[in-house]
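Notes follow once the structure below has been shown.
The values are calculated or read from the model by the stated rules, or taken from the named source; none is laboratory data. Bear in mind the structure is a predicted one, so any value in this text is a computation, not a measurement. We place every Cβ from the backbone using ideal geometry, glycine too, and count neighbours over all the protein chains shown.
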């Protein structure tokens, strides 16, 4: 499985929005500029994210986008599925019969494809936008320092 540009750019834009919104609307052109993504392309991505209920938009001079929920409530898997559909390495249908259960195809489906699919979904469903924001801040040295007296 290879994620499309839409999924990769969409997740980047969502993390950027979470990092830079501070509770305010963020203009799409500023996300596009920071991330080096075409604004026209991001309009298409954000249209999909808005329809999925992950972002809200406000039109006008002070408009832009804001997350529809707290970053801690938005799973990476939810964002990727909204943009990509189901996250499957292989979607192989096998007949449900006694003979099929003994086939090589069934053996591979159950022991390889299903386990890879479960692993992918487990990883993306265990992470939130907040996790990625915190990790981004840590990696960029942008985390707030705490001083105790």
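Of 3, 11, all but one fail to be in a helix (DSSP H, G or I) and either under 16 Å from the mean Cα position of the chain (by Cα) or over 25 Å from residue 139 (Cα atoms) (or both); the exception is 11.
The set of residues from segment 30-62 being loosely packed, with under 13 Cβ neighbours inside 10 Å, more than 22 Å from residue 78 (Cβ to Cβ) and modelled with pLDDT of 95 or more comprises 33, 36, 38, 40.
Considering each residue of segment 75-97 in turn, at least one proves to be touching a strand residue (DSSP E or B) at 6+ places or on another chain (Cβ under 8 Å) and either farther than 17 Å from residue 21 by Cα or at pLDDT 95 or above (or both). Can you name the residue in segment 1-20 that is within 16 Å of residue 79 (Cβ to Cβ) and without any contact (Cβ under 8 Å) to a residue 40 or more places away in the chain and is also surrounded by the fewest Cβ atoms within 10 Å (Cβ to Cβ) among such residues? Out of the qualifying residues, it is 5. The residues on offer are 23, 53, and the sole one that is within 19 Å of residue 134 (Cβ to Cβ) and either outside any helix (DSSP H, G or I) or without any contact (Cβ under 8 Å) to a residue 60 or more places away in the chain (or both) is 23.
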